[in-house]
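Report on the following structure.
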Amino acid sequence: MASIFSRIAAGEIPCYKVAETDQYLAFLDINPLAKGHTLVIPKQETDYIFDLDDNLLAGLVLFAKKVALAIEQTVPCERIGIAVIGLEVPHAHLHLVPINSLHDLDFTKPRVKITKEEYAQLAQEIGQKV
Ligand code: 5GP
């Protein structure tokens with residue numbers, strides 16, 4: 001069965017899209033650690049990030065760099081933290097999270113609540129800077 005992220009990439013499940021290319025997609029995390037928390041995926045479904053083909057992995061990081069710089073210009077923060085967890089969704093992805101301290105990248109901490117309007121505005125504002 002296709003992963004939830006493959007279904008998002010196929011447009012079967014909605015997301016707050018930030019940016020995409022033919023190979024990659026960036027969209028806001030539905031349960032974010034911070035405003036602007038974005039997931040970056042290869043559209044091709046592979047569970048474990050280190051099973052990705054070298055070129056696809058390199059392209060993922062380069063695409064994530066553009067998205068991270070756009071998040072940084074949109075959400076006040078010290079920098080953009082990057083993490084790979086992958087314990088919940090078996091489809092390789094990078095987490096891009098605006099951070100000000102080490103604690104901000106603690107995935108066990110309570111997530112922030114964002115309204116639909118805020119999600120839509122964040123996705124649009126970040127997306128137009130990518
Ligand atoms: P991980 O697999 O890296 O442990 O966590 C998966 C991440 O994907 C979590 O931060 C979770 O909030 C996010 N997530 C899970 N399902 C969805 C979804 O359907 N839409 C979006 N936008 N994010 C999701």
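The values are calculated or read from the model by the stated rules, or taken from the named source; none is laboratory data. Since the model is a prediction, treat every value here as computed from it, not as a measurement. Because the Cβ atoms are built from the backbone with ideal geometry, glycine has one as well, and the counts that use them run over all protein chains shown. Just so you know, the surface numbers come from the protein's heavy atoms only, side chains and all, with ligands and any DNA or RNA stripped out. Shrake-Rupley method; radii C 1.70, N 1.55, O 1.52, S 1.80 Å.
Given points 7 Å out from each Cα along the Cα-Cβ axis, report the VAL84 to THR115 separation in nanometres with one decimal.
Here the modelled spin labels are 3.8 nm apart.
Count neighbours as other Cβ atoms within 10 Å of each site's Cβ, and list the GluC sites (Glu not before Pro) in region 71-100 that are DSSP loop with at most 15 such neighbours.
GLU78, GLU88
In degrees, nearest 10, range 0 to 90: what is the angle between the Cα axis of helix 54-74 and the longest Cα principal axis of the chain?
Helix 54-74 sits at roughly 20 degrees to that axis.
Could you derive backbone 3J(HN,Hα) for region 3-15 from the dihedral phi with the Karplus parameters 6.51, -1.76 and 1.60 (θ = phi - 60°), listing whole Hz in sequence and x where the residue is Gly or Pro?
5, 4, 6, 5, 5, 5, 4, 7, x, 7, 10, x, 8
Could you tell me which residue out of ALA10, ILE30, TYR48 lies farthest along the dipole of region 4-129 toward its positive end? Charges go on the beta carbon: Lys and Arg +1, Asp and Glu -1, centred on the Cα centre.
Looking along the dipole axis, the top candidate is ILE30.
Order the following by accessible area, largest value first: ILE71, ILE80, ILE85. Probe radius 1.4 Å; ligands, DNA and RNA are ignored.
So, going from the largest accessible area down, we get ILE85, ILE80, ILE71.
Give me the dipole magnitude in Debye, nearest 20, for the chain about the Cα centre, with unit charges on the beta carbon: positive for Lys and Arg, negative for Asp and Glu.
Working: 12 positive and 17 negative charges, 82 e Å.
Result for the chain is approximately 400 debye, rounded to the nearest 20.
Given a 1.4 Å probe and heavy atoms of the protein chains only, how would you sort LYS43, LYS113, largest accessible area at the top? Intermediate values should be presented prior to the final figure.
Numbers: LYS43 55, LYS113 175 Å².
Largest accessible area first, the list is LYS113, LYS43.
Which residues in region 82-120 have a backbone N closer than 15 Å to a point placed 7 Å from the Cα of GLU45 along the Cα-to-Cβ line?
Zone members listed by number: 89-93.
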